[in-house]
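The values are calculated or read from the model by the stated rules, or taken from the named source; none is laboratory data. Just so we're clear, the structure is a prediction, and the values are computed from it rather than from any experiment. For neighbour counting, all protein chains shown are included, and Cβ atoms are generated from backbone atoms with ideal geometry for every residue, glycine included. These area figures cover heavy atoms from the full protein model, side chains too; ligands, DNA and RNA do not enter into them. Shrake-Rupley method; radii C 1.70, N 1.55, O 1.52, S 1.80 Å.
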There are 2 protein chains.
Amino acid sequence: MSTPVPVSLGRSKLIVIIAALLVYAVFPGPPANTRGQESKTLAERLGYAADAKLLIVHADDLAVAHSVDAASIKALETGSVSSASIMVPCPWLTEIAGYAQAHPQADLGLHLTLTSEWALYRWGPVAAKNQVLSLFARDGYLYPTEREAAKNINPREAEVEIRAQIEKARAFGINPTHLDSHMGTLFQTKELFEILLRAGRDYKLPILVSKDFARGGLFTTSLGPNDIMIDSVITITPAVTSEHWAEFYINAVKNLKPGITELIIHLAYDDEEMRAVTFNHPDWGAAWRQRDFDFFTSAQCRKLLEENNVKLITWREIGKLLQK
Amino acid sequence: MSTPVPVSLGRSKLIVIIAALLVYAVFPGPPANTRGQESKTLAERLGYAADAKLLIVHADDLAVAHSVDAASIKALETGSVSSASIMVPCPWLTEIAGYAQAHPQADLGLHLTLTSEWALYRWGPVAAKNQVLSLFARDGYLYPTEREAAKNINPREAEVEIRAQIEKARAFGINPTHLDSHMGTLFQTKELFEILLRAGRDYKLPILVSKDFARGGLFTTSLGPNDIMIDSVITITPAVTSEHWAEFYINAVKNLKPGITELIIHLAYDDEEMRAVTFNHPDWGAAWRQRDFDFFTSAQCRKLLEENNVKLITWREIGKLLQK
């Protein structure tokens, strides 16, 4: 059964990934370990065998809601989740910042945010309004979709906001291990992507970009020889029905290629708060996030990773290459 | 058993009310219905008998959390709650604005907000940052206590913010029936009180001020003959233990004086979201709000009001006097 791609959420991720995979199918290019200036693969540079299957299981959207924070922390501490990223403009930042301070080894990055997508619950930017006027939708919050955001935002102002989010996180005691982009807004145009790239370079933090993306041809001209790219990114889509949820992840793990893959998941409890946050939007909704939570905190998942010789790694490990 | 007055919440309300009652005990003044330019009492001006016992049961803090909104709406629709007020800077504004638009007869005012009091969950002002710099605590949100807010805020900037909150509410389709002040910050100084008073006059909206307050001597010089004052305000305090909760309200209703009283309550469910919002602060916490919800949606409460000939009224009724 196929579910239509949702209007407001995550399309960019899907489009980027699907486009990348399609392009890769036609022009697969040379094997990854012979490309670029480094003769070693990223996995080898991290000290792993070239054929090791390395996985970052990454929870998005921390600080959006207490339900997200509570479920993500539980899964980081007791489940098969190795990394997560925080949305600095969101109401529960103080909660997750407190956690980050108390758990300096937790692998927490920033999910840089230029959109506010839910119907009943909204947030604005971090920077002073007069510095980032183009970021505001007419209702006084961030734009609800990545398309509208990319279309209306002045990239200079996007850069001001992104830097303000990084600085605010640091002021709150968060030392991010990596940077990525909520709803892929910073992957919408080359100009926006270069903002993310510059932030990563300036702060010496890895950004989420994979060879899949690069093979899609989207940003290859922006990337330099010193920029780190993981190998691939996987995320579940609304086309997967709830009864096939575990099956999707089981197949993803069984078919994992050697190299570094990020599996993007979305955790929360299917509770009153989360049902209200995601009101009228089952895709990436409360039940969706509970399903992700249930799978990635299960014994089944832990066993699956073991049986398939998949090693969970973190962005912190990758970031060390940039700090040398 | 006595509970200490909390550090961060509601002290101003207590102090104002206790001070007012103490002063009134010493200088009770002439009977209410012979004071001022009007020979009729406010109750009579609304068409009630001079000895009618009129009560606004008023839920504070709408828009703070989904739990608050859901419980308050339920109590407004099915319980003995007649009015409520909305905090415009808070994350769930869009939810309650949707409700207000769909329920134009609901008696919803604005709980004008200059503080952000909870440990893990914070909000900032509505106005552009550069116009209200003095409103920001060092962490980039509003001050946590009314004392700090009153001490640090530039009153001109407080007025900009208050007006921005009223305008934002209107832009979101809320037609407020009254104005009051979250944590009583606008009752902290005469200058701040006059901001509330001017807003009420300019928008032709009644503000929460009672003869108790005026008798306390705090603002009598600011009030003019055309300003509307209700007779008294009652609210439960942390000194009341949970087992005496219903008893407090039963006594309050049984001892109600003729005239117009506002009973300020705080509604939410004792759920995960609300326990996280009110983390580490049982006073005005999640269980407190559930107790208020349970009492004011009970058959016991409905019967109590009936048996004591107490009529529930709204701010909308009072506000009509200002629109004539």
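How many angstrom lie between the C-alpha centres of region B:221-263 and region A:309-324?
Comparing the Cα centres of region B:221-263 and region A:309-324, I get a distance of 61 Å.
Efficiency by 1/(1 + (r/R0)^6): what FRET value for B:ALA287 and A:ALA128, r their Cβ-Cβ distance, R0 = 25 Å, to the nearest 0.05?
Efficiency at R0 = 25 Å is approximately 0.05.
Have a look at region A:256-305 and give its Rg and Dmax from the Cα atoms, expressed in angstrom.
Rg, Dmax (Cα atoms, Å): 13.3, 40.
Taking Rh as the Kirkwood radius computed over C-alpha pairs, what is the Stokes-Einstein D of region A:73-131 at 25 °C in a medium of viscosity 0.890 mPa s, expressed in µm² per second?
Rounded, D is 187 µm²/s.
Accessible area per residue of region A:274-314 at 1.4 Å probe, in Å²? Write down the numbers at each step before the final one.
Numbers: 1920 Å² over 41 residues.
Here the residues of region A:274-314 average 47 Å² of exposed surface.
Take peptides A:260-270, A:226-236, B:62-72 and line them up by average Cβ neighbours within 10 Å, highest first, as a rough protection proxy.
Ranking, from highest mean packing down: B:62-72, A:260-270, A:226-236.
Between B:LYS204 and A:GLU191, what is the FRET efficiency for a Förster distance of 51 Å, r being their Cβ-Cβ separation, to the nearest 0.05?
FRET efficiency, B:LYS204 to A:GLU191: 0.55.
Using the Kirkwood radius built from alpha carbon pairs, what does the Stokes-Einstein equation give as D for region A:119-181 at 10 °C and 1.306 mPa s, in µm² per second?
Rounded to a whole number, D works out at 127 µm²/s.
For region B:189-294, count the residues as N, evaluate 2.2 N^0.38 Å, and divide the Cα radius of gyration by that value, please.
That ratio works out to 1.30.
Calculated from DSSP H runs of 4 or more alone, at -39500 (n - 2.57) each and per residue, what is the 222 nm mean residue ellipticity of the protein assembly as shown, nearest 500?
-11500 deg cm²/dmol
Got the A:GLY173 label distances to the other copies yet, label 7 Å along Cα→Cβ, in nm, shortest first?
Between copies, matching label points for A:GLY173 lie 4.1 nm apart.
Any idea of the total accessible area buried by the A-B contact, 1.4 Å probe, rounded to 100 Å²? If you can, show how the numbers build up before the last one.
On the way: alone 13960 and 13940 Å², together 25960 Å².
Buried surface at the A/B interface: approximately 1900 Å².
Could you report region A:67-135's accessible area per residue, 1.4 Å probe, as an integer in Å²?
Value for region A:67-135: 25 Å² per residue.
To the nearest Å, what is the center-to-center distance of region B:86-120 and region B:141-167, using C-alpha atoms only?
17 Å
Let me know the mean shielding of B:118-131 by other chains, meaning the per-residue number of their Cβ atoms within 10 Å of its Cβ. Numbers along the way, then the final one.
Values: counts 2, 3, 11, 7, 5, 2, 2, 0, 3, 1, 5, 6, 4, 3.
Counting Cβ atoms of other protein chains within 10 Å of each residue's Cβ and averaging gives 4.
Looking at chain A as a GNM with Cα springs under 10 Å, which of A:MET274, A:MET183, A:MET87 has the largest mean-square fluctuation?
Looking only at A:MET274, A:MET183, A:MET87, the biggest GNM fluctuation is shown by A:MET274.
Which value in nm describes the separation of the simple spin-label points at A:SER242 and A:ASN154, placed 7 Å from the Cα toward the beta carbon?
For the pair A:SER242/A:ASN154, the computed spacing is 4.6 nm.
At 7 Å along Cα-to-Cβ for each site, give me the label-to-label distance between B:SER298 and B:ARG138 in nm.
Once both label points are built, they end up 4.5 nm from each other.
Under 17 Å from the 7 Å Cα→Cβ point of B:GLN105, by amide nitrogen: which residues of region B:160-178?
B:175, B:177
Suppose every Lys and Arg Cβ carries +1 and every Asp and Glu Cβ carries -1, with no other charges. What dipole size does chain B come out with about its Cα centre, to the nearest 20 debye?
The calculated dipole for chain B is roughly 880 debye.
If you stretched the chain out fully between A:ARG170 and A:ALA119, how much longer would it get, using 0.36 nm times the residue separation minus the C-alpha to C-alpha distance? Working shown, then result.
Details: separation 51, 0.36 × 51 = 18.36 nm, distance 2.95 nm.
Gain in length upon complete extension: 15.4 nm.
State, to one decimal in nm and shortest first, how far the label point of B:HIS244 sits from each corresponding label point in the other identical copies (label point: 7 angstrom along Cα-to-Cβ).
6.3
Would you compute the Debye intensity of region B:132-244 from its alpha-carbon atoms alone, equal scatterers and no solvent, and pass along log10 I(q)/I(0) at q = 0.14, 0.18 Å⁻¹ to two decimals?
-0.66, -1.01
Using only C-alpha positions, report the orientation-averaged shadow area of the convex hull of the protein assembly as shown, nm², one decimal. Kindly include the intermediate steps, with their values, before the conclusion.
Numbers: hull surface 121.1 nm².
In nm², the orientation-averaged hull projection of the protein assembly as shown is 30.3.
Where Rh denotes the Kirkwood radius from the mean inverse Cα pair distance, what is Rg over Rh for chain A?
Numbers: Rg = 18.4 Å, Rh = 19.8 Å.
Ratio of gyration radius to Kirkwood radius: 0.93.
Tell me the Kirkwood radius of region B:51-189: reciprocal of the mean inverse pair distance over distinct alpha-carbon atoms, in Å.
With all distinct Cα pairs of region B:51-189 included, I get 15.3 Å.
How many percent of all Cα-Cα pairs in region A:176-227 sit more than 18 Å apart?
20 percent
How far, in nm to one decimal, is A:PRO155 from itself in the other copies if the label point is set 7 angstrom along Cα toward Cβ? Shortest first, please.
For A:PRO155, the inter-copy label distances come out at 4.9 nm.
Where Rh is the Kirkwood radius over the Cα pairs of region B:231-277, the temperature 10 °C and the viscosity 1.306 mPa s, what D in µm²/s does Stokes-Einstein return?
Answer from the Stokes-Einstein relation: 127 µm²/s.
Roll a 1.4 angstrom probe over the protein heavy atoms and tell me the percent of accessible area of the protein assembly as shown that is carbon or sulfur. Mind showing how you got there, number by number?
Numbers: 13900 of 25960 Å².
Taking all protein chains in place, the protein assembly as shown shows 54 percent carbon and sulfur surface.
Let me confirm one metric for peptide A:266-272, namely the mean number of other chain beta-carbon atoms within 10 Å of its residues' beta-carbons.
2
Using a probe radius of 1.4 Å on heavy atoms only, what accessible surface per residue do you get for region A:165-227? Whole Å² is fine.
Accessible area per residue, region A:165-227: 36 Å².
Whose amide H sits under 5 Å from the amide H of B:VAL64, counting only residues 5 or more places off or on another chain, with H placed in the peptide plane?
Residues meeting the amide H criterion: B:MET87.
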